[in-house]
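Encoded as structure tokens, the structure appears first; notes follow it.
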Amino acid sequence: MKTTSKLTLLFAVLALVAATQGCGVVNKLRAKDSLNEGVREFNKGKYEEAEGKFNRALELSPEMVNAQLFYARALNARFEQSLTEPLGNQTIKAYDNIIKRNPNDQEAIDRALAFKANVYKQLGSVAASPEDAEKYKNKQHETLLERVNLPSAKPSAKADVYYTIGVDMWQASYSLNAPYVTKKQPIPPPVIEKMKPYIQKAHEYLQKAVSVEPNYANAYFYEKLTYLEEAKTNPTDLKKINDKVLEMQEKYNKIQGIQKQQATQTTETSTNTAK
């Protein structure tokens, strides 16, 4: 009797395990169906309906990376239509979820960080105050630098991140003094003091860009513009600064000339091959 009871219990456990495994397989299939339905809705521009389908796929199979990515993209698309802070924060949370759930998937993390940085950029563009705009700009830069620190980050991607931050820092300095320069008025000392940290950061990141990609022409161009900003804050050292302006312009011109020559040679080679 005891042996029979043990066998009965064993068969019951095995049946339960089989049923559980079967349920898992069924859920994955249903999740894929819901994912495909969501993609169709997304492609039609029906982002809210797509979001619901992707969310259902995640309920059935939480570890499905594609469902995580598409769910975040649906939220992102809705955010781009409304540009509201709550939806922006919800979108960022979805990208954070991707990063948290997939610590070994460098490609998924990189994509999530790229989209997340862009959400911060858009939130900054519609911020209610300069302080909020600055906060979102800083978060955008922090997120971009997270991409740089990924083991899979390519040199070109790193250079682009450094360049982007450098240009933003230059723009911040230029925006502070532009109203005075346009009216040919002296820049007030408090404004000059606010410009200085932005100029320093612009130099730092643009130089990082060219240290990774020495032929990054646009980085040299903005380095020139940054030295012109520096001249506005340091009139006593104009000779040294002007020398740097000319140096950056020469580097920019040289790289542009080489690139144009290479483009011409490529076109000529393609034309000759076609003949």
If you put +1 on each Lys and Arg Cβ and -1 on each Asp and Glu Cβ, how big is the dipole of the range 38-153 around its Cα centre, in Debye rounded to 20? 220
For the chain, longest principal axis from Cα atoms; helix 85-101 axis from its Cα atoms; angle between them, nearest 10 degrees, is 70
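With only Lys, Arg, Asp and Glu charged, each at its Cβ (+1 for the first two, -1 for the last two), find how big the charge dipole of the range 154-264 is about the Cα centre; round to the nearest 20 debye. Numbers along the way, then the final one.
Details: 16 positive and 12 negative charges, 28 e Å.
Dipole size: approximately 140 debye.
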Can you work out the Karplus-derived ³J(HN,Hα) for every residue in the range 246-262? Use 6.51 cos²θ - 1.76 cosθ + 1.60 with θ = phi - 60°, whole Hz, and x for glycine or proline. 5, 4, 5, 5, 5, 5, 4, 4, 4, 5, 4, x, 5, 5, 5, 5, 5
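My understanding is that a pair violates if its Cα-Cα distance is over 23 Å; which of Lys184/Lys232; Lys196/Lys254; Lys46/Lys137; Lys28/Lys100 do that in this structure?
Details: Lys184/Lys232 12 Å; Lys196/Lys254 29 Å; Lys46/Lys137 30 Å; Lys28/Lys100 21 Å.
Result: Lys196/Lys254; Lys46/Lys137 exceed 23 Å.
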Among Tyr71, Asn253, Ser156, the residue whose Cα sits farthest towards the positive end of the charge dipole of the chain (+1 at Cβ of Lys and Arg, -1 at Cβ of Asp and Glu, taken about the Cα centre) is Tyr71
For the chain, what are the per-bin percents of Cα-Cα distances with bins 10 Å wide, up to the bin holding the maximum? 6, 19, 22, 20, 16, 9, 4, 3, 2, 1, 0
What does the helix-only formula give at 222 nm for the chain: each DSSP H stretch with n ≥ 4 adding -39500 (n - 2.57), the total divided by the residues, and the result rounded to the nearest 500 deg cm²/dmol? -30000 deg cm²/dmol
Row for the range 38-153, column shape: gyration tensor on C-alpha, a ≥ b ≥ c, rounded if a/c < 1.5 i.e. under 1.5, prolate if a/b over b/c, else oblate; value oblate
Between Lys44 and Arg101, 0.36 nm times their residue separation minus their Cα-Cα distance comes to what? 17.7 nm
Among His203, Tyr180, Ala133, whose Cα sits farthest toward the positive end of the charge dipole of the range 72-204 (+1 at Cβ of Lys/Arg, -1 at Cβ of Asp/Glu, about the Cα centre)? Tyr180
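Let me spell out the model: positive unit charges on the Cβ of Lys and Arg, negative unit charges on the Cβ of Asp and Glu, origin at the Cα centre of the range 18-106. What dipole size does that give, in debye rounded to 20? Don't skip to the answer; put the middle values down first.
On the way: 13 positive and 12 negative charges, 42 e Å.
For the range 18-106, the charge dipole is close to 200 debye.
Computed from the coordinates by the stated procedures, all read-outs in this text should not be read as laboratory data. This is a predicted model, so every value here is computed, not measured. Neighbour counts run over all protein chains shown; Cβ positions are idealised from the backbone, glycine included.
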